[in-house]
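A short write-up of the structure that comes next.
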Amino acid sequence: MEGYDSYLFSQELLKFMGFERRIEVRNFGGNNDLKAFLELFGAKVDFNPVVRRLGIVRDAESGTAQSALTSVQGCLRSVRAVELPPPSQMRHFEGDPVAVGVFILPNCKDVGMLETLCIEAVEEIERTGGAAVLPCVDKFFNCLKQAKGELPKNPAKARFAGYLVARDKTDRQLGRAAQQGAVPWEAKAFDPLKGFLTDWAG
């Protein structure tokens, strides 16, 4: 998983799905750290006899989902410690003896990140009933734009942080918020990622 927040988030999602003993999550840092992580991970003595499926989850914050996949494919091809065949498409595990799969957040289609996916999930749940706090958050940012003439540099992260404030969560980090129950795992927005994890778990 890319980054510590994604690491914590994925651990909570795996618990929700009952897969916490079937998938081991590791944080490979930032996107530029992926190749070095794969080299070190693949060089471990017990990699080949133990690892049968390897999943890579990163975001498409700075480009398209396809460009993110192309970047991951390049990293996989350049690894020398172990053979890691790059999958030809997102969400599918390919290769032998190690099958590799790639999921690009938020949904293997759109530009965005983990916060983008979580906001989509919250919007979905709020449309179906219950207290809707995102309209209040959006009014705040509209007011802020009028006052400052600009919005936060990362609107998705800022909007999710605003949602957490509205939900009275003390920690504004997404991973910690997931641990506090602030992420609606039942939302259909998570279905593509859940499907990927289900295939990964075998």
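Here, each number is a calculation from the coordinates, and none is a lab measurement. If you're wondering where the values come from, they're calculated on a predicted model, not measured in any experiment. Ideal geometry is used to build each Cβ from the backbone, glycine not excepted, and the neighbour counts take in all protein chains shown.
Selection of region 178-202 for residues being without any contact (Cβ under 8 Å) to a residue 24 or more places away in the chain and over 14 Å from the mean Cα position of the chain (by Cα) yields Gln180, Gly181, Ala182. What about Val122, is it part of a helix (DSSP H, G or I) and either in contact with a Leu (Cβ under 8 Å, 6 or more places away or on another chain) or of a type in the set (S, T, N, Q) (or both)? Spelling it out, Val122 is indeed part of a helix (DSSP H, G or I) and either in contact with a Leu (Cβ under 8 Å, 6 or more places away or on another chain) or of a type in the set (S, T, N, Q) (or both). Here Phe160 meets the list (1) surrounded by fewer than 18 Cβ atoms within 10 Å (Cβ to Cβ); (2) of a type in the set (A, V, I, L, M, F, W, C); (3) in contact with a Cys (Cβ under 7 Å, 6 or more places away or on another chain) almost entirely, failing just condition (1).
Counting residues in region 69-91 that are in contact with a Phe, Trp or Tyr (Cβ under 6 Å, 6 or more places away or on another chain), at negative phi and in contact (Cβ under 8 Å) with a residue 60 or more places away in the chain gives zero. When region 84-112 is limited to residues that are of a type in the set (A, V, I, L, M) and either out of contact with any strand residue (DSSP E or B) (no Cβ under 8 Å at 6 or more places or on another chain) or over 19 Å from Phe190 (Cα atoms) (or both), the one that is surrounded by the fewest Cβ atoms within 10 Å (Cβ to Cβ) turns out to be Val98.
Among the residues making up region 126-140, those that are part of a helix (DSSP H, G or I) and surrounded by fewer than 19 Cβ atoms within 10 Å (Cβ to Cβ) are Glu126, Arg127, Leu134, Pro135, Cys136, Asp138, Lys139, Phe140.
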